[in-house]
Amino acid sequence: FGACFGKKGAPAAGAAGPGATPVGDDEPAAGGGGGGGGAAPATPGKVEKPHVAEEMGVLITGCQSDETSADVRSGGTAFGALSNTLNDCLRKKPNATFRELVMDVRAELQQKGFKQNPCLECATSNADKPFIC
């Protein structure tokens, strides 16, 4: 979760060290690097995933840095595709955890034909806490 939980093609879970989850490839994920504990010590030939300290909070991004977040229109009003889908998913599963919510939102956006992949940026210990709105 140091950078982008659930990056395209990445496994949804699995530990990569204390308080971190792999993002699934050999480069830092989009949007990371915002402080919060720094990366683990470097290993030659391997890019370390950043670590986010628990007290840094939780961030859900609309897409990865190489993508664009889409808008949708409903009744003449424009909404962000992430915001609209997040609300739909919370109506279906009001007690979802952050991890469940992001994975559900990603699945629904893909079903609707959107080409964006929201990310969950947080400490591993926060990913399975309930989303509070």
Point to revise | Under 9 Å, Cβ to Cβ, from ASP128 - net charge with Lys/Arg +1 and Asp/Glu -1 | key: +1
Review point. So, counting K/R as plus one and D/E as minus one, what does the shell of residues with Cβ under 9 Å around LYS93 add up to?
Key: 0
Practice item. Can you list which of the trypsin sites (Lys or Arg not before Pro) found in region 98-133 are DSSP loop residues with at most 15 other C-beta atoms within 10 Å? Key: LYS112, LYS115
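Just so you know, all these numbers are worked out from the coordinates, no wet-lab data involved. In this text, all values refer to a predicted model and were calculated from it rather than measured experimentally. Every residue, glycine as well, gets a Cβ built from its backbone with ideal geometry; the counts of neighbours run over all protein chains shown.
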